[in-house]
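Before any comments, here is the structure.
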Amino acid sequence: YTSANEFVVGGVLTNGGAGVDTNFTMDGGSLTIGSGTGTAGKYLSLGRGNGIGAVSSDIVLNNSASITTDNFSAGFNGGSATNLPKGTFTLNGSSSFSIATNGNFFLGESAGSNMTMTLNGSSTVSAGSGTIAIGVQNGNGTLNVNSGTTFTTGGEIRVAFSASNGSFTGTGTVNVNGGTINTNAFTVGRNNNDVASTMTGTVNISNGGTLNVKNQASLIGWRGIGTTASVNISGGSYNQGTTATANMDLGTNTGANAAMTVSGGALTFQNNSSLRFATVTGSSAAARTLTISGVNVTFYSNAGP
């Protein structure tokens, strides 16, 4: 199947209205949206202003079903703050979801939205080098990457993210529960400026999960007084700089609280990558902590042991 225009699952019936439960399930086959032109192209939109939180807009891919789209948006309010969309995107079996080079990926885009993507079986998500954001400003987004699955992007993943100044309260959560994430860069808890904000970004790596940050920085806590960034490794691997030197900063610029806890699994720094604390002078009082319990943090001068 193909769609030359935007493909919406759960659109606006009435601004501020109750909305309606909406489900789009594929048990096989493929759907292509747009023309592969990325940000200039069309969107797969999930929960585009549907309801005020009591109904759900859902996509389910089973077996080897696949969707390819220019861009992806989950939780856009359709241009009205009275809409608070909620929904899920579930990939099962060997299903796949692909976004064009330079295409955007927004999970929990607008204020009050609540969106979750879950990868099961051997499913895959492939994104280009565009913006990958999980929990935008006052939106709430969760990504679950379960055993046997892979989420890959040639860009940067941003967990609890804002590109604008403001006091935001959104949340972004990534659970790497046995699956694998491959990304060029990684940011957790990123406000645009040093304003009061309570954005919360959380990353949990467990059950043998793997997070590979290939050749750019990991920024754990980037601006926003009151913004919190937490990374918890309890049974998996966080590998920094797997293909080139790439630093990890705990607390960069001012304000944000940054904490990393390693209680199981491994934290490794490859290709002469560094771990740095509070990299800007004059930073406001905020917590920057690394807690290691019963495991090792390992540094390599090459691409691995």
Quiz prompt | Cα→Cβ-extended label distance, 7 Å offset, between residue 198 and residue 287, nm | solution = 1.6 nm
Self-check item: Within the accessible area of the chain (1.4 Å probe), percent carbon and sulfur
Solution: 47 percent
Quiz prompt | Stretch gain in nm, segment residue 147-residue 234, where the contour uses 0.36 nm per residue and the Cα spacing is subtracted | solution = 29.8 nm
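What is the calculated FRET efficiency for residue 215 to residue 163, with r their C-beta to C-beta distance and R₀ = 30 Å, to the nearest 0.05?
It comes out at approximately 0.85.
How big is the antiparallel share of DSSP beta bridges in region 147-253, given as a percent to the nearest 5? List each step's numbers first, then the result.
On the way: 0 of 38 bridges.
Counting DSSP beta bridges with both partners in region 147-253, the antiparallel share is about 0 percent.
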Quiz item: How much net charge surrounds residue 60 when only other residues with a Cβ under 15 Å from its Cβ are counted (Lys, Arg +1; Asp, Glu -1)?
Solution: -3
Exercise. Mind grabbing the accessible area of residue 52 for me, 1.4 Å probe, Å², rounded to tens?
Key: 80 Å²
Exercise. Between beta-carbons, use under 9 Å as the cut-off and find the net charge around residue 223, counting Lys and Arg +1, Asp and Glu -1.
Key: 0
Exercise. Please give the residues of region 129-168, grouped as numeric ranges, whose backbone N is less than 13 Å from a label point set 7 Å along the Cα-to-Cβ vector of residue 64.
Key: none
Quiz item: Where Lys and Arg each count +1 and Asp and Glu each count -1, what net charge lies around residue 257 among other residues with Cβ under 15 Å from its Cβ?
Solution: +1
Self-check item: Chain lengthening between residue 2 and residue 21 when straightened (0.36 nm per residue, less Cα-Cα)
Solution: 4.4 nm
Quiz item: So how far, in whole Å, is the C-alpha centre of region 60-102 from the one of region 225-266?
Solution: 27 Å
Practice problem: List, in order, the whole-Hz ³J(HN,Hα) value for each residue of region 35-47 obtained from phi through the Karplus relation with A = 6.51, B = -1.76, C = 1.60 and θ = phi - 60°; use x for Gly and Pro. | Solution: 10, x, 9, x, 4, 7, x, 9, 10, 8, 10, 10, x
Quiz item: If you work out Rg/Rh (Cα atoms, Kirkwood Rh) from the coordinates, which of (1) 0.98; (2) 1.12; (3) 1.59 do you get?
Solution: (1)
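By how many nm would the segment from residue 277 to residue 244 grow when fully extended, if each residue of separation counts as 0.36 nm and the alpha-carbon distance is taken off? Can you show the working numbers first?
Numbers: separation 33, 0.36 × 33 = 11.88 nm, distance 2.03 nm.
Full-extension gain reported as 9.8 nm.
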Quiz item: Averaged per residue, what accessible area in Å² does the chain show with a 1.4 Å probe, protein chains only?
Solution: 36 Å²
Practice problem: Quick one: grab the alpha carbon gyration tensor of region 1-102, order the square roots of its eigenvalues as a ≥ b ≥ c, and give me rounded if a/c is under 1.5, else prolate or oblate depending on whether a/b is larger than b/c. | Solution: oblate
Practice problem: Return the sequence-ordered ³J(HN,Hα) values of region 194-204 in whole Hz as given by the Karplus equation 6.51 cos²θ - 1.76 cosθ + 1.60 applied to θ = phi - 60°, using x for Gly and Pro. | Solution: 8, 9, 4, 7, 10, 5, 10, x, 9, 10, 10
Exercise. With label points built 7 Å along Cα→Cβ from the Cα atoms of residue 35 and residue 14, find their separation and express it in nm.
Key: 3.9 nm
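The values are calculated or read from the model by the stated rules, or taken from the named source; none is laboratory data. Computed from a predicted model, the values in this text were never measured in an experiment. Backbone-built Cβ (ideal geometry, glycine too); neighbour counts: all protein chains shown. With ligands, DNA and RNA removed, areas are computed over all heavy atoms of the protein, side chains included. Shrake-Rupley method; radii C 1.70, N 1.55, O 1.52, S 1.80 Å.
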